[in-house]
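The values are calculated or read from the model by the stated rules, or taken from the named source; none is laboratory data. Remember, it's a predicted structure, so these values are computed and weren't measured experimentally. Note that each Cβ is placed from the backbone with ideal geometry, even for glycine, and that neighbours are counted across all protein chains shown. The accessibility values were calculated without ligands, DNA or RNA, using every heavy atom of the protein model including side chains. Shrake-Rupley method; radii C 1.70, N 1.55, O 1.52, S 1.80 Å.
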Amino acid sequence: MERKTTARLSDKEMEKIYRIRQRFYWEMDFISRCRERKLEEIGLCNLPYQTLPEEKKLLDLAYELYNNMEDSNTTYNVTLDLVIDEIERRIQDNRIVTAAEPPGNPRVVIIIEDGIVSTVLASDPDIQIDIIELDRNYADSELRSSTYDAALKEPGLQNCSYSLHVPGYEQEMETEVDE
């Protein structure tokens, strides 16, 4: 004989369960949309895709932004895209720190201020970083061309992806457009 047990939950407990599930499904939608945008090359594509489900601070911020941007006149997916765009901008401007990339993905950050290298950081302290500046005032086209040729022929070196960020540039462009 099977015995059934029924538990009655208060409205407050039911609301709490509902909010937890709602947040869970929202995070799944958010992560899914981030990955879709990466595949379609929409936006800056600078999110930590491999660790995104574990990026709790980033997900908390994204959910907060979503709730602040949510509007009955804007579709769900458009609002998600707006949130992702904002998160990508904050990552680009180093206003969000994400978990380190998995081992095997060395990273180099070079900060150039007014044409002068001011800081070089690397995830691997044993990595050799060569910075070559080809200034038109000192290197003619032949010297620039031979520098590229020499680097491209060097064994072990290969092209790699990189991103160039100019913090404040977008804000300056918006100001010029507004004027």
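Accessible surface of CYS45, taken over heavy atoms with a 1.4 Å probe and every protein chain present, rounds to 30 Å². Accessible surface for the chain, divided over its residues, is 83 Å² per residue with a 1.4 Å probe.
Ranking GLN22, SER72, SER163 by how far each Cα lies toward the positive end of the dipole of the chain (charges on Cβ) leaves GLN22 at the top. The figure for SER141 is an accessible area of roughly 80 square angstrom, using a 1.4 Å probe on the protein chains alone.
If you wrap the Cα atoms of the chain in a convex hull and average its projected area over all directions, you get 19.9 nm².
Helix-only estimate, please: 222 nm mean residue ellipticity of the chain, summing -39500 (n - 2.57) across DSSP H runs of length 4 or more and dividing by its residues, to the nearest 500. Please report the intermediate quantities before stating the final value.
Values: 5 runs with 84 residues, N = 179.
-15500 deg cm²/dmol, from helical runs alone.
Quick one: net charge around GLU40, please, counting Lys, Arg +1 and Asp, Glu -1 for every other residue with C-beta under 15 Å from its C-beta. Around GLU40, the charge tally is -1. The angle between the Cα long axis of helix 76-92 and the main principal axis of the chain comes to about 40°, on a 0 to 90 degree scale.
The angle separating the long axis of helix 169-178 from the principal Cα axis of greatest extent in the chain is about 80 degrees.
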